[in-house]
Amino acid sequence: MRIAVISDIHGNMESLSVLKEPYDELWVLGDLVNYGPDPGAVLDFVRSHATVVVRGNHDHAVGFNEDPHCSPPYREMAKETMEFTCSVLSREQIEYLAGLPLVAERIVEDTKFVLCHAAPSDPLYKYVPANSPQWEQEMELVSADFLLVGHTHTPFVQSVGVSLVVNPGSLGQPKTGATKACYAIWENGIVLESSDYDIVRTLGKIDHMPVSVGVRESLKTVLLSGGQLQTGENNL
């Protein structure tokens, strides 16, 4: 069984082009929408190709018309792009986002996976970075060989006891200091991957989004800098 694990696509349709390798299943760890120019196309792709999808904080925000709880540097970007996202999605698409589960479980070849967007104690919003001792507390809440999470936009693999916490990083808005889309492949073990995509095309689409000039420029800066905004606030 070969599984592609992705997270935080954020309306970036071009980033999905990196999934060229054959896979048996596609698992998505939330945040299909907001920030990017193609929320509808991303949502349609995920619905057509994914086996498992969990709800991220931005999916929840669109699905229930709520604040996604972003840190200050991202709030205006989130606010304006959420208005755009809601204007281009159908009611049925918004209801799909609202109906996504917060947590999912899969067993593959005697290996148990638990999937959520942020962390088991707070699947939507809790920000737990790599190498944080908090993952030991989080793993006490689940029983799994692998805990798969997103939200931080930063890839990592961390051992906690006999289990592994895996974050594939962000496919559509990577926060690694590089522009490459991040994802993971599981096939009798987990491997973190990254790949170039047509970021120029994405940037061109952002230029035509119906949001303020300041937000358009901020969105492009986030992509071009690999998420390196001048801020200590990271909650996306």
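The values are calculated or read from the model by the stated rules, or taken from the named source; none is laboratory data. Treat the numbers as computed from the prediction; the structure is a model and nothing was measured. In this analysis, Cβ positions are derived from the backbone assuming ideal geometry, glycine residues included, and neighbour counts consider all displayed protein chains.
Need the failing condition index for ARG201 against (1) of a type outside the set (Asp, Glu); (2) assigned to a loop (DSSP other than H, G, I, E, B); (3) touching a residue at least 40 places away in the same chain (Cβ under 8 Å), just the number.
The one condition ARG201 does not meet is (2).
So, in the range 34-75, exactly how many residues are within 20 Å of VAL215 (Cα to Cα), assigned to a helix (DSSP H, G or I) and of a type in the set (Ser, Thr, Tyr)?
Of the residues in the range 34-75, 1 are within 20 Å of VAL215 (Cα to Cα), assigned to a helix (DSSP H, G or I) and of a type in the set (Ser, Thr, Tyr).
Within the range 113-149, track down each residue that is in contact (Cβ under 8 Å) with a residue 40 or more places away in the chain, crowded, with 19+ Cβ neighbours inside 10 Å and under 16 Å from the mean Cα position of the chain (by Cα).
Listed by number, the residues that qualify are LEU115, CYS116, HIS117, ALA118, PRO123, LEU124, LEU148, VAL149.
Starting from residues that are surrounded by 19 or more Cβ atoms within 10 Å (Cβ to Cβ) and either hydrophobic (A, V, I, L, M, F, W, C) or farther than 13 Å from PHE64 by Cα (or both), keep the ones in the range 86-99 and report whichever is nearest to the chain's Cα centre (by Cα).
LEU97
Tell me, please, whether a residue that is in contact with a strand residue (DSSP E or B) (Cβ under 8 Å, 6 or more places away or on another chain) and buried (at least 22 other Cβ atoms within 10 Å of the Cβ) can be found in the range 102-112.
There is no residue in the range 102-112 that is in contact with a strand residue (DSSP E or B) (Cβ under 8 Å, 6 or more places away or on another chain) and buried (at least 22 other Cβ atoms within 10 Å of the Cβ).
Any idea how many residues of the range 59-73 are at pLDDT 95 or above and over 10 Å from TYR125 (Cα atoms)?
Total meeting the criteria: 9.
Working carefully through the options VAL222, VAL211, VAL166, VAL215, find the one that is touching a residue at least 40 places away in the same chain (Cβ under 8 Å), within 19 Å of THR111 (Cβ to Cβ) and surrounded by 17 or more Cβ atoms within 10 Å (Cβ to Cβ).
Only one candidate passes the filter, namely VAL166.
For THR152, which of the numbered conditions (1) surrounded by fewer than 19 Cβ atoms within 10 Å (Cβ to Cβ); (2) in a loop (DSSP other than H, G, I, E, B); (3) modelled with pLDDT of 95 or more fails to hold?
Tallying (1) surrounded by fewer than 19 Cβ atoms within 10 Å (Cβ to Cβ); (2) in a loop (DSSP other than H, G, I, E, B); (3) modelled with pLDDT of 95 or more, THR152 fails exactly one: (1).
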